Amino acid sequence: MARVLIVDDEDLICKLLAGMVTHLGHEAYVAHSIGECLDCLKVNPPDVVLLDVKLPDGSGLDIIETIKTAPTLPDVIIMTAYGDPKGAEIAIRSGAWDYIAKPFAVKDIAVPVLRAIQYRDQLREIQEINIDREGIVGTNPKLQACLDMVRQAAGSDVNVLITGETGTGKELFARSIHNNSRRSQSDFVVVDCTALPENLVESILFGHSKGAFTGADRTRDGLIRQAHHGTLFLDEMGELPMSLQKTFLRVLQEHRFRPLGSHTEVESDFRLISATNKNLDEMVANGHFREDLLYRLGAMTIRLPALREITEDIGEIALFYVKRICLRFGVQIKGCSDEFLKALMRYNWPGNIRELYHVLERSCAAALRENTLFPIHLPEELRVHVAKSQFTDVEDSRMQSREKTPLPTNGKFPNFKRFRKMTLSEAEEKYLRDLLETSSGSIREACNVAGLSRTRLYGLLKKYRIKPSHLGS
């Protein structure tokens, strides 16, 4: 039995849809606003959400992505009497299952609800398939959705396009698809399109026969032929020269090509996985990438989340890589203090997983003879960035304190001087507590970060009754 959440501000529609869902043999419950919907996601996450667009406290389109991050990864069906092409595009691009205009007959809703539930049942079967995750760590719903697509891709030979920012682990996911596929016993051949020298690119990809050019003293297979019966991974596909895109399109269609200097074609039964950190649709629009090639690349597209989108997984990822790094260094596996992990979670990681790995590598090297990692072991530039980011938090708290700062007991609104004093005091106290937490209670480190003398810092700590040895008390 599936749980279906109906979000609409009209009681009659809610009752009608709830009756339909119950008649189909599933559980229905109702929310009348965005706020109620978000509360339901926390208390009783649904499998399917029937979502109206115009709600009393905002547009349903604005919360589609939030809904889809609920623990059950619900499918969303949009219902609206104010439909327009742009709204439909926003809904589908945000991951909506369907977009239905009001007024509608009950069967117009019943069919997509049943199809969404049927799809989820099939997906649940796929999720039960055990796969080798190849070092892919985390439980965030966005990451789990990517792993579900890995399971699907591994069971077929469809071309896969993996997108995401630099350092998000595109090659890691490509290897996982290969290692869980029927081609796992054959080669996984990596082609870095950014490193292909223009004068040798055809020889590298297609190979050459002896005497094809000066220095060709023997026949060599190209990378495409080396991927025969295996997987060809084109990393940074957006960098493939336009001059080669048409040629590669034919290779992708026919799986046959002619090496340089050869009179005969050779065959390569390869499976293609490509990756890019660029917007290929935008490149097509600007005439920098072939549209027909893009269609062939993206039969299945997996978008990897940036590390800042899966912050709750950073601790687990860090522990995994610290263990791996220590084993490589040949030292005892180190623990990570809570302060160390919190500092990692406060950083925005523009370089994503790759940057995190290098930071952990430097931290382990800095603590080579120590058993536990503390913030002091992090690179200085990262600690400075984390410390400076607290000023943003302080500014946010100042804005919020307008509502949080209590009024005097006599009910009179405070004058500006008193209000400013109360607000600044709250902000200063929060800054000092965060400062000590970031510096692991080290007064010396805290002074360096804050630019305060030891005497001044002790004076402020005394003012707010903060003890370095009792952070958070």
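The values are calculated or read from the model by the stated rules, or taken from the named source; none is laboratory data. Bear in mind the structure is a predicted one, so any value in this text is a computation, not a measurement. Positions of Cβ are backbone-derived with ideal geometry, glycine not excepted, and every protein chain shown enters the neighbour counts. The accessibility values were calculated without ligands, DNA or RNA, using every heavy atom of the protein model including side chains. Shrake-Rupley method; radii C 1.70, N 1.55, O 1.52, S 1.80 Å.
Data overview
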read-out	value
Rounded to whole Hz, the Karplus (6.51, -1.76, 1.60) HN-Hα couplings of region 95-108, x for glycine and proline	x, 5, 6, 7, 9, 10, 8, 8, x, 9, 7, 4, 5, 5
Nearest-10 value in Å² for the accessible area of Ile92, using the 1.4 Å probe	90 Å²
Cα gyration tensor shape for the chain, rounded if a/c is under 1.5, else prolate or oblate	oblate
For Ala28, residues with placed amide H under 5 Å, excluding near neighbours	Val4
Amide H partners (placed H, <5 Å) of His229, local residues excluded	Asp269, Phe270
Residues Arg256 and Thr69, FRET efficiency given R0 of 41 Å [Cβ-Cβ distance, rounded to 0.05]	0.40
Pair Lys102, Asp192: separation of 7 Å Cα→Cβ label points (nm)	5.6 nm
Estimated 222 nm signal from helices in the chain, with DSSP H stretches of n ≥ 4 weighted -39500 (n - 2.57), rounded to 500	-14500 deg cm²/dmol
Residues of region 1-147: accessible area per residue with a 1.4 Å probe, Å²	50 Å²
Listed peptides 173-183, 49-59, 211-221, 253-263 by packing density, highest first (mean Cβ within 10 Å)	173-183, 49-59, 253-263, 211-221
Using a Förster distance of 35 Å, the FRET efficiency for Lys210-Glu291 (Cβ separation, nearest 0.05)	0.40
Centre separation in Å (Cα based) which lies between region 140-160 and region 72-102	23 Å
Exposure ranking of Cys336, Cys14 by accessible area [1.4 Å probe, largest first]	Cys336, Cys14
Tyr119 - accessible surface, heavy atoms, 1.4 Å probe, Å² rounded to 10	90 Å²
Thr455, Thr276, Thr438, reordered so the largest accessible area comes first (probe 1.4 Å)	Thr455, Thr438, Thr276
The chain - share of DSSP beta bridges that are antiparallel (%, nearest 5)	15 percent
³J(HN,Hα) computed for each position of region 296-310 - Karplus, 6.51 cos²θ - 1.76 cosθ + 1.60, integer Hz, glycine/proline x	6, 6, x, 4, 9, 10, 10, 9, 7, x, 5, 4, 5, 8, 10
Size of electric dipole in the chain: Cβ of Lys, Arg +1 and of Asp, Glu -1, about Cα centre, debye, nearest 20	1920 debye
Arg303-Lys417 FRET efficiency (beta carbon distance; Förster radius 56 Å; 0.05 resolution)	0.60
